[in-house]
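*Asks:* Sharing a structure here in structure tokens format.
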Amino acid sequence: MSIIESISLEPLMRQRYSLEIHQNSNGGILRITMVPTWNTNKNAMNLLIVALGTITGIFTLARYVQLSNTGQLFSIATIFFLLSLIFRRPTMETLTVLANYGVQIRKVRGLAFLPRSFNRHWFAETEFIPRDQVVDVVINEGFVRGFQVIFYLAVLVKESTKLRLLFAVCKHVFSLTTRALY
Amino acid sequence: MVVYIFWPKHLKSKELHLNDDNMCAISICLQSTDHIVLDIVPRRLLEKEALSAPYSIIGTKNSGEANWKFGEANDYCTIEFYVPNLKVLQFFSLEPIPLTQLGNAANTTVKKADYKNFEKLCNHPRYQSHDDRLRRNLSLLNLFDSHHESFVKRYHSLHIKSVNVSARLGTMMRKKCRSSSLRNIVSTFTVHLVVNMVKVAYSVSSFLNWRYTQLVNISVLAQQIDLRAQQICYFPVQYLLINEHHSIGKTPPKIEFSSEDSSQWKEELPCKYYPDYIRFYNTVWLILNDISFGMIVGSLVYDHADQISMHLHRAIGFSLYHFPKAITISLSNNPLGIKLNHELAKFFSELFLWVIEFSNVLFVGPMIEINNLKCFLRVVSQLGCVFGGTFALSIIVDYFAILTFHIYTFHRISSKLYHWQLVILLSLFHLFRGKKNNILRNRIDHNYFKLDQLLLGTIFFIILVFLLPTVLMFYLFFTTLRMVTIDVEIFLESIIALLNHFPLFALLLRLKDPKRIPGGITMNELGPGRLDLKSKPIKISEMFKPFVLLMEQMKDIYFSSKTSRQIFLGLPFVTHRRKLYQILYSSLPSTPIDIRTFRNKLSPHIKKKD
């Protein structure tokens with residue numbers, strides 16, 4: 001019922017991504033997800049960093065600082081919390097296109113130690129742009145880090161002073177999105 | 001072509017309840033909207049009645065089947081949602097509701113010329129199809145309850161009415177209370193009181209904002225009184241705005257709902273008056289909070305007035321008298337090993353020392369005497385208990401401004417000297433090069449000077465160049481002192497601004513019921529062909545946006561490269577306090593509305609309530 005395609009992008013990009021495209025059988029809903037390859041590996045590494053950091057924190061506290069039991073617990077919890085806020089899962093961005101209704105951009109950047117479904121439910125930032133606000137979906141060229149030229153996909157929104165950027169992709173996604181939106 | 005059907009989630013439990021029956025789903029579909037399912041009824045009830053437009057049967061489900069069968073060959077996609085309860089002011093909105101009237105202040109910073117290309121692009125004929133189907137659907141969804149009620153009224157046989165005894169008793173008692181004569185007296189008295197208070201507040205506000213001596217720009221206390229006066233002036237307007245539309249939750253709208261035109265009833269939605277509702281209750285709550293905060297801090301200060309005044313006496317005495325005096329004396333005696341011009345430095349230091357002593361004797365000394373400080377603190381804390389913490393804080397800020405007045409004068413004097421010196425230096429430098437500043441044409445022109453003019457000019461130039469470091473040292477010292485006093489004032493004023501304009505109501509609504517402050521919608525996919533529509537609450541950073549803008553403006557005035565340029569050139573800092581805090585006044589209209597215009601609307605409105 002749904003078409004799934006995985007595309008690897010240009011090998012020149014430092015971080016490789018793969019694209020997952022799901023489409024409803026009647027063409028009503030199109031969902032494009034950008035998944036970083038090595039997602040699970042990166043996540044495991046971040047989790048490891050968080051765990052190591054917490055353990056070193058516990059040891060230094062036990063050795064150098066004298067605190068009561070609740071104080072120790074509290075400081076361990078703060079260290080764990082801060083580290084897990086800094087070292088998070090790699091961002092997964094999803095673009096959902098609803099025919100005649102609009103476009104929705106969802107970024108999930110959850111904590112390392114939580115499962116994916118939990119992250120998707122609690123830590124997702126969504127933005128819905130209704131059809132009458134969307135002027136067009138365009139591909140622009142831009143300069144990044146001084147002299148490198150990249151193509152990026154953006155949505156022009158009426159009554160707004162900024163472009164809404166979507167993930168940096170190739171033309172394949174562009175043609176699918178326009179067909180689905182109109 | 002995809003057809004979307006909106007399916008309320010509470011019908012799922014009804015579906016389970018009627019599972020052993022052949023069911024039909026009845027939906028409403030107005031002009032240029034999609035189908036919204038109103039109810040599920042067993043098919044046998046429908047055999048007796050035929051449904052007319054705009055209601056229609058959209059789908060059927062036989063007993064024991066798992067999925068609904070929808071009519072024609074189009075592809076269907078269901079969107080499920082929880083019905084928003086309009087009585088508690090829940091609703092869906094595609095854009096975040098405007099919590100402040102930021103249109104007047106913030107948009108002036110956006111340069112319209114930069115976006116002409118974008119506007120040209122938007123006006124291209126290719127992009128002219130405005131498809132606001134989703135918007136109309138959401139307006140229809142928001143009025144779901146009213147539509148359901150009129151559907152029930154029209155087709156009685158499809159529903160079993162249950163009599164709610166306790167609700168009827170409650171309404172009967174309420175009606176009896178309303179028609180008593182005591183309520184009439186109380187309401188007329190209240191109206192007169194409110195009108196008189198608004199008149200007083202209006203005159204106070206116009207006095208403080210009088211064009212010729214803008215007291216609001218000079219004193220923080222005047223600004224605080226002005227803010228309160230404007231808020232009082234605005235209260236009746238807000239109250240009327242809210243209560244004119246109050247009937248929407250209680251009674252079904254009077255418009256005939258089976259008409260095809262869906263744009264008629266757009267004005268009934270709470271979107272229009274909801275920001276005023278939030279602002280009104282936010283202001284009331286903040287004023288009450290303010291008074292309680294003032295009471296707490298005031299009583300604390302009153303109890304410890306002795307100790308506080310002792311510490312303050314020592315601290316202020318040191319920083320405003322001994323410290324400037326010591327540094328001024330040291331500046332005349334080669335500070336930091338830099339050799340300054342002895343005569344000029346001595347002259348300056350004697351001048352400033354004289355002014356410091358004079359100001360100390362005249363006002364700084366008496367103001368920070370321990371007994372006077374104690375008395376002042378006591379008075380301020382008592383005033384804070386009555387009028388609120390912001391009042392007390394603004395009095396303190398004004399007191400501090402008067403205390404540091406001599407530093408302000410020093411800064412102005414030294415900046416003027418420095419500025420004049422720079423200007424003369426520049427002009428003499430042009431003379432040295434043989435050019436002259438042409439004021440008429442505003443440019444530098446060649447000029448033929450006589451020999452003695454050139455000689456004298458060059459000698460003066462050299463003298464002034466060598467005298468510049470001395471003036472510069474004094475100027476820098478007094479500028480840093482002035483910056484420190486400005487920082488203290490800004491800090492206290494920010495606390496006052498926080499107390500005055502904190503978005504307390506919006507934050508608490510966000511905690512208690514996020515569906516009441518919609519900031520957009522979210523559509524999640526639940527399964528093949530099923531979507532989930534949810535309301536997304538306003539982000540917390542959005543609620544604090546006026547403060548962020550205010551901080552940016554302050555940064556721009558006091559801490560930016562523009563300020564360094566001003567310091568370098570010796571120009572003074574001028575701040576129009578009213579313009580700076582204009583952005584926080586954005587929850588009020590720009591000029592207070594005269595009560596006379598709507599006085600006659602107030603009294604019949606209150607009488608009409610019974």
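The values are calculated or read from the model by the stated rules, or taken from the named source; none is laboratory data. Source: prediction; values computed, not measured. As a convention, Cβ positions derive from the backbone with ideal geometry for all residues, glycine included, and neighbour counts pool all protein chains shown.
*Asks:* Give me the residue from the range B:513-528 that is at the interface with chain A (Cβ under 7 Å from one of its Cβ atoms) and in contact (Cβ under 8 Å) with a residue 24 or more places away in the chain and, out of that set, nearest to A:Arg31 (Cα to Cα).
*Replies:* B:Met523
*Asks:* Oh, and also: Filter the range B:203-228 down to the residues that are assigned to a loop (DSSP other than H, G, I, E, B) and surrounded by 18 or more Cβ atoms within 10 Å (Cβ to Cβ) and list them by number.
*Replies:* Of everything in the range B:203-228, those that are assigned to a loop (DSSP other than H, G, I, E, B) and surrounded by 18 or more Cβ atoms within 10 Å (Cβ to Cβ) turn out to be B:Asn209, B:Ser219.
*Asks:* Look at B:Leu476 and say whether it is among the hydrophobic types (A, V, I, L, M, F, W, C), within 30 Å of A:Pro130 (Cβ to Cβ) and free of Cβ contacts under 8 Å to residues at least 24 places away in the same chain.
*Replies:* Criteria not met by B:Leu476.
*Asks:* With respect to the numbered conditions (1) in contact with a Gly (Cβ under 8 Å, 6 or more places away or on another chain); (2) surrounded by fewer than 17 Cβ atoms within 10 Å (Cβ to Cβ), which one is the sole condition not fulfilled by B:Asp487?
*Replies:* Here B:Asp487 clears every test but (1).
*Asks:* Quick check: anything in the range B:23-44 assigned to a loop (DSSP other than H, G, I, E, B), farther than 16 Å from B:Arg530 by Cβ and over 46 Å from the mean Cα position of the chain (by Cα)?
*Replies:* no
*Asks:* Could you list, in sequence order, the residues of the range B:1-22 that are assigned to a loop (DSSP other than H, G, I, E, B) and under 14 Å from B:Asn62 (Cβ atoms)?
*Replies:* B:Leu18, B:Asn19, B:Asp20, B:Asp21, B:Asn22
*Asks:* Another question, then. Restricting attention to the range B:434-453, and to residues there that are polar (S, T, N, Q) and not in a loop (DSSP other than H, G, I, E, B), which single residue is farthest from the chain's Cα centre (by Cα)?
*Replies:* Taking the candidates together, the pick is B:Gln453.
*Asks:* Any idea which of B:Lys61, B:Lys69 is exposed (fewer than 14 other Cβ atoms within 10 Å of the Cβ) and under 19 Å from B:Pro528 (Cα atoms)?
*Replies:* Being exposed (fewer than 14 other Cβ atoms within 10 Å of the Cβ) and under 19 Å from B:Pro528 (Cα atoms) holds for just one of B:Lys61, B:Lys69, which is B:Lys69.
*Asks:* I would also like to ask the following. Quick one: how many residues across the range B:529-574 are within 14 Å of another protein chain (Cβ to nearest Cβ) and either surrounded by 13 or more Cβ atoms within 10 Å (Cβ to Cβ) or in a strand (DSSP E or B) (or both)?
*Replies:* Adding up the residues that qualify gives 12.
*Asks:* Within the range A:30-42, track down each residue that is at pLDDT 80 or above and buried (at least 19 other Cβ atoms within 10 Å of the Cβ).
*Replies:* A:Leu30, A:Arg31, A:Ile32
*Asks:* For A:Glu93, all conditions in the list (1) under 20 Å from B:Met523 (Cβ atoms); (2) of a type in the set (D, E, K, R); (3) away from chain B (no Cβ under 14 Å); (4) more than 9 Å from the chain's Cα centre (by Cα) hold save one; what is the number of the exception?
*Replies:* Single failed check for A:Glu93: (4).
*Asks:* Could you pull out every one of the helices (runs of 4 or more DSSP H) wholly within the range A:32-129 that has 1 or more residues that are in the same structural domain as A:Leu153 (by TED's automatic domain parsing) and within 30 Å of A:Ser160 (Cα to Cα)?
*Replies:* Per the criteria, A:116-122.
*Asks:* Filter the range B:331-369 for residues that are at pLDDT 85 or above, under 18 Å from B:Leu476 (Cα atoms) and of a type in the set (S, T, N, Q) and give the result.
*Replies:* The one that is at pLDDT 85 or above, under 18 Å from B:Leu476 (Cα atoms) and of a type in the set (S, T, N, Q): B:Ser349.
*Asks:* What residue, of B:His124, B:His130, is modelled with pLDDT under 80 and within 10 Å of chain A (Cβ to nearest Cβ)?
*Replies:* B:His130
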